[in-house]
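Working notes for the structure below.
The values are calculated or read from the model by the stated rules, or taken from the named source; none is laboratory data. As the structure is a prediction and not an experimental result, all values here were calculated from the model. Here the Cβ positions follow ideal geometry from the backbone for every residue, glycine too, while neighbour counts run over all protein chains shown.
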Amino acid sequence: MIENIVNANGLIFAFFIVGVIMYLSYLFSKKILNNMIPGAAIAIIIALILAFMGEDKGVSNLPYMGGMAILGGSMLRDFSVVATAMGVDISKIKQAGFSGILSLFIGVSFSFSLGVIVALLMGYSDPISLTTIGAGACTYIVGPVTGSALGASSEIIALSVATGVVKVIVTSICTPLVATKIGLNNPNSAMIFGGLIGTTSGVAAGLAATDEKLVPYGALTATFFTGLGCLMCPSIFYFIINALVS
Amino acid sequence: MNIYGVSLLAFCFLAGKIIGTFLGSLIGLSGDIGGVGFSMFLLVFINSYLKKKNINISKSENGVLFWSTMYIPIVVAMSASQNVKAAMLGGWLAIIVGVLVTIVAFMLVPLLSRIGKEDLNKK
């Protein structure tokens, strides 16, 4: 009976589960780690460990847990990302204007190049696979968008998604650890950070764990990163790789 | 009322998605090109326009603020529904590229921040 009720109300059950995860994480952070690692970061690490127990959709493949994919799906994610813009101060966007745009172009170009170089070193040689893997180094959305646009094999597309997911995981966990060293403590550097890293979820998760007030600034540039990546990878970058390889 | 804020948020969200998808179709992609970014700018501009006109939206604002505070729980749910196994099984390539790209990006932040600061000083 309980199974039926939970399965019929999956999203509500997900609210409950995520609330419990958050509560335990913040408690653990405060009482045991003395706030050394923020509660939000611990909650995300716990979530990633839980995802290991499932398959292609992480924990939501498991019984009772289907609602997690709805709560964590792209619709609600994008909706709440847009909502974070409510706290954005226009004058600060103008301040970060030039360096923000510069960081976007540098971020997309260097992520793509690095991905292509490593793929070359590991034995991939056809331009479509190289471009798709390079796109995956941008974000896990740019990868499959580029791959499908160019007609890459499903194996390569899966690899590009995996690359993007690794980037999210590393960003989520490492941002609070390196934040002080790289001067990530003001809206200007948060916008540059968002433009360089570009994975909206990783940037927002990492910034949330560092300082919640910085999330909208990082998310603002980061959301353009995927757009810019989807624009440049299947077009200009593919033409360049194609010309270089052949 | 809260619903006014949520409705405004929904309008900005959909308008941004439409612009993004339209741009995508212009260059022959089925994807949405920067839609979330357009939505955010739209919300920022509408919000500051209303404030400039001295229209009191503090009660409607709560509808938007609720969703912005739901961001972290949603990220937690999203992380839990990622294909973490594939990220690990996808071979060393995925891990090497993912880690390398992130580390280099971290190192570039202070470099570019300096440009931002010089910008500010000029102003």
Problem set entry | Failed item in (1) within 12 Å of the chain's Cα centre (by Cα); (2) at the interface with another protein chain (Cβ under 8 Å from one of its Cβ atoms); (3) closer than 30 Å to residue A:97 by Cβ, with residue A:235 passing the rest | (1)
Exercise. Got at least one residue in segment A:147-167 being without any contact (Cβ under 8 Å) to a residue 12 or more places away in the chain and within 7 Å of chain B (Cβ to nearest Cβ)?
Worked result: yes
Exercise. For segment B:69-96, what are the residues that are surrounded by 22 or more Cβ atoms within 10 Å (Cβ to Cβ), modelled with pLDDT under 80 and closer than 11 Å to residue A:159 by Cα?
Worked result: B:87, B:90
Seminar exercise, completed: Those residues of segment A:168-187 which are surrounded by fewer than 24 Cβ atoms within 10 Å (Cβ to Cβ), facing chain B (nearest Cβ under 9 Å) and more than 12 Å from residue B:98 (Cα to Cα) amount to A:174, A:178, A:181, A:182, A:183, A:186
Problem set entry | Those residues of segment A:54-78 which are among the hydroxyl-bearing types (Ser, Thr, Tyr) and in contact (Cβ under 8 Å) with a residue 24 or more places away in the chain, in sequence order | A:64
For this session: Give the residues of segment A:1-53 that are in contact with a Pro (Cβ under 9 Å, 6 or more places away or on another chain) and either exposed (fewer than 14 other Cβ atoms within 10 Å of the Cβ) or among the β-branched types (Val, Ile, Thr) (or both), sorted by residue number.
Result: A:3, A:6, A:18, A:19, A:21, A:37
Exercise. Got a sec? Which of A:96, A:179, A:137, A:119 is farther than 30 Å from residue A:55 by Cα and at pLDDT 90 or above?
Worked result: A:179
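For residue B:40, state whether it is modelled with pLDDT of 90 or more and farther than 28 Å from residue A:154 by Cα. Working first, answer last.
Numbers: modelled with pLDDT of 90 or more: no; farther than 28 Å from residue A:154 by Cα: yes.
It is false that residue B:40 is modelled with pLDDT of 90 or more and farther than 28 Å from residue A:154 by Cα.
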